[in-house]
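First up is the structure itself, then whatever we jot down about it.
The values are calculated or read from the model by the stated rules, or taken from the named source; none is laboratory data. What you see is a predicted model, and the numbers here were worked out from it, not measured in a lab. Heads up, the Cβs are rebuilt from the backbone with ideal geometry, glycines too, and the neighbour counts pull from every protein chain shown. Side chains are part of the model used for accessible areas, which takes the heavy atoms of the whole protein and leaves out ligands, DNA and RNA. Shrake-Rupley method; radii C 1.70, N 1.55, O 1.52, S 1.80 Å.
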Amino acid sequence: GRVPFCGEGSKRESNVFVKPSLKAPELGSELGSALTVAPPPWLPTDEVVDAEAMLRGHKGPPLFWDIVPLFEDDLHENGMSLMKVSVFVGEDFWFVNLRFYLRVTKVMARVIDTRFTCRTNVLPIKIHRERLWKEGTWEDLVGKGVKGGMVSLEQMNDRIAAKRLRNKVEPERHVMTLPGSKASAANASLDDVLLFSRSDLYCEAISGVREGNFAALAGGGTKGEGFNG
């Protein structure tokens, strides 16, 4: 069967969220009361965000980065099925990618990505979501003329597949504008807006399920090779 995109198929019984466990005094009365309202909608957009360029252009160490495996299976030594989340937080943007990768040896390969990008230094603050579904034959993955014999694992990993496989369906792009971020700098500080965007409410809004607070991350480290994926 088809693997759903992040948040696909989720339904709400009401347009009002249950208030998160984060107490209002910890965030301020105005923000605390705002956490009980429904999140802003995802709206279709034609704007394309070049996440790879953002990652390549980032200078200095990231505030946080990690690649979290959610599951992995070798299909009884007949291939590979995995899902993972990649997270990168820079000084002025953050990026999250949920990837599902399927490889059936000598048959086919599939990559499904759901990407979230957000620039935090520009008002209004917007979260962009892009859904990509790529799929192809074994020859599309490892190269024409390679039908059997030894094939290096480097030719079969998810990063190579994401580059070589073609789109099975047209990419879907949506954008969410965070409430309060339309205010001018004279009326609201950027720090206030960033705090609002890092609340549990918007983590729930971007993922469709309460998986964790991706935006409110802090730490250290260096950018890993081949992070995007």
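Of the listed residues Trp42, Trp65, the order by accessible area with a 1.4 Å probe, largest first, is Trp65, Trp42. The candidates Ser81, Ser152, arranged from most to least accessible area with a 1.4 Å probe in the full protein assembly, appear as Ser152, Ser81. Note on the stretch 73-147: Kirkwood radius taken over Cα pairs, Stokes-Einstein applied at 20 °C and 1.002 mPa s, translational D equal to 150 µm² s⁻¹. Hey, if you drop one equal point scatterer on each alpha-carbon of the stretch 101-145 and run the Debye formula without solvent, what base-10 log of I(q)/I(0) do you get at q = 0.19 Å⁻¹? For the stretch 101-145, the Cα-only Debye profile gives -0.64.
If R₀ is 30 angstrom, what is the calculated FRET efficiency for the pair Asp73 and Val48, using the beta carbon separation as r and rounding to 0.05? Walk me through the numbers on the way to the answer.
On the way: r = 33 Å, r/R0 = 1.10.
E between Asp73 and Val48, to the nearest 0.05, is 0.35.
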